[in-house]
Amino acid sequence: MSCCHKVTRSKPLLGDVISLSTLGLHGACAMRSMRVAFAQLEKLAASIDTCHADSELMRLCASTPSTPVAVSRPLWAMLRLAQEVAYRSDGVFDIASTGTGGAADWMDIDLSITGFVTLRRPLMIDLGGIRKGFAVDLAVEALQQAGVQRGIVDLGGHIRAFGAQDWRVHFHLDMRADDAGLPVMLNHGALSGFGGTLGGGAFFDTTSHMVRDSSEWGDMSMIVRAPTAAAADALTVVAALMPTTAARVLSAFRASGIVLTRQGAHALEYAS
């Protein structure tokens, strides 16, 4: 009986709703682990809040150029992954170019000293393409450290499962009631969806809307599967912006992609 027990709780986070589901733990133990995870997520959200000048991220952006600034482990890890995606994609994914008119790019963020960030010029760091996926990974880490062995976390369609459990996620090409969607099995990994025809994703008794300002992508959508949700999140941007060459970038992260249209689905492959 206990091995099948499921507990799900949700909270607003980063302009969306995050849902945590655990298997195998009864009420009190599950709720204790979720409180720990939610506390970690709220701390992360506060640290990268761009609406408050005293947040960790905004203090970093306001720091004196060429001066190393100590940052928290989660922020440094998020920046490190963003830099790796930028490097692998030749700057297609770039958290440093926003609002600079091309004056700054990802190479203006120096992470050569672990735990410290040095900005080579004034810039505004935009974590919009990676922060939700990273929050999902942080929630998974917190749940596992609290003793949860099986579960799934969903934040606005960025989904990661962990433990010896298969989960079925349905990606819908539109919102028609008769659309059965594309079923994708998830186990020990993450999925992220992006694009115009993607109506939503569902698991268990909840619905996760998978559209992220998608009207500009017309009839094309992407699903990226990766070991972590942060990587899947960032790589959907790469897949959408460079679909003919993205597969090579995805492979560097042990990730893969699927292109969805109203005519069907096909694997994202490298076109030489």
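The values are calculated or read from the model by the stated rules, or taken from the named source; none is laboratory data. This one's a predicted model, so the numbers in the text were calculated from it and none came from an experiment. Because the Cβ atoms are built from the backbone with ideal geometry, glycine has one as well, and the counts that use them run over all protein chains shown. These accessible areas exclude ligands, DNA and RNA; they are computed on the full protein's heavy atoms, side chains included. Shrake-Rupley method; radii C 1.70, N 1.55, O 1.52, S 1.80 Å.
Worth a mention:
- The set of residues in the stretch 169-188 being modelled with pLDDT of 85 or more and open to solvent by 10 Å² or more (accessible area, probe 1.4 Å) consists of 185, 187, 188.
- Residue 55 vs. criteria closer than 22 Å to residue 137 by Cα and small (Gly, Ala, Ser): yes
- The residues in the stretch 42-53 that are surrounded by 15 or more Cβ atoms within 10 Å (Cβ to Cβ) and not charged (D, E, K, R) can be counted, and the count is 4.
- Which listed residue, of 223, 258, is open to solvent by 50 Å² or more (accessible area, probe 1.4 Å) and either at pLDDT below 90 or of a type in the set (A, V, I, L, M, F, W, C) (or both): 258
- Test: residue 136 is out of contact with any Ser or Thr (no Cβ under 6 Å at 6 or more places or on another chain), modelled with pLDDT of 95 or more and under 22 Å from residue 64 (Cβ atoms): no
- The set of residues in the stretch 24-59 being among the charged types (D, E, K, R) and farther than 26 Å from residue 7 by Cα consists of 49, 54, 56, 59.
- Residues in the stretch 94-116 that are touching a strand residue (DSSP E or B) at 6+ places or on another chain (Cβ under 7 Å) and either exposed (fewer than 14 other Cβ atoms within 10 Å of the Cβ) or modelled with pLDDT of 95 or more (or both): 108, 109, 110, 111, 115, 116.
- Residue match in the stretch 76-87 (condition: within 20 Å of residue 133 (Cα to Cα), surrounded by fewer than 20 Cβ atoms within 10 Å (Cβ to Cβ) and among the acidic types (Asp, Glu)): yes
- Set side by side, the residues 249, 237, 211 differ, and just one is at pLDDT below 90 and assigned to a helix (DSSP H, G or I), which is 237.
- Annotation: residue 37 fulfils all but one of (1) modelled with pLDDT under 95; (2) among the aliphatic types (A, V, I, L, M); (3) touching a helix residue (DSSP H, G or I) at 6+ places or on another chain (Cβ under 7 Å); the unmet one is (1).
- Positions within the stretch 1-41 being free of Cβ contacts under 8 Å to residues at least 24 places away in the same chain, open to solvent by 80 Å² or more (accessible area, probe 1.4 Å) and part of a helix (DSSP H, G or I), in sequence order: 4, 35
- Some residue of the stretch 51-63 being closer than 30 Å to residue 241 by Cβ and among the hydroxyl-bearing types (Ser, Thr, Tyr): yes
- Within the stretch 117-145, considering residues that are in contact with a strand residue (DSSP E or B) (Cβ under 9 Å, 6 or more places away or on another chain) and more than 28 Å from residue 190 (Cβ to Cβ), the one most open to solvent (accessible area, probe 1.4 Å): 120
- If only residues of the stretch 54-66 that are surrounded by 14 or more Cβ atoms within 10 Å (Cβ to Cβ) and free of Cβ contacts under 8 Å to residues at least 24 places away in the same chain are counted, the one that is farthest from residue 128 (Cα to Cα) is 59.
- Only one of the numbered conditions (1) surrounded by fewer than 15 Cβ atoms within 10 Å (Cβ to Cβ); (2) over 25 Å from residue 236 (Cα atoms) is violated by residue 91, and that is (2).
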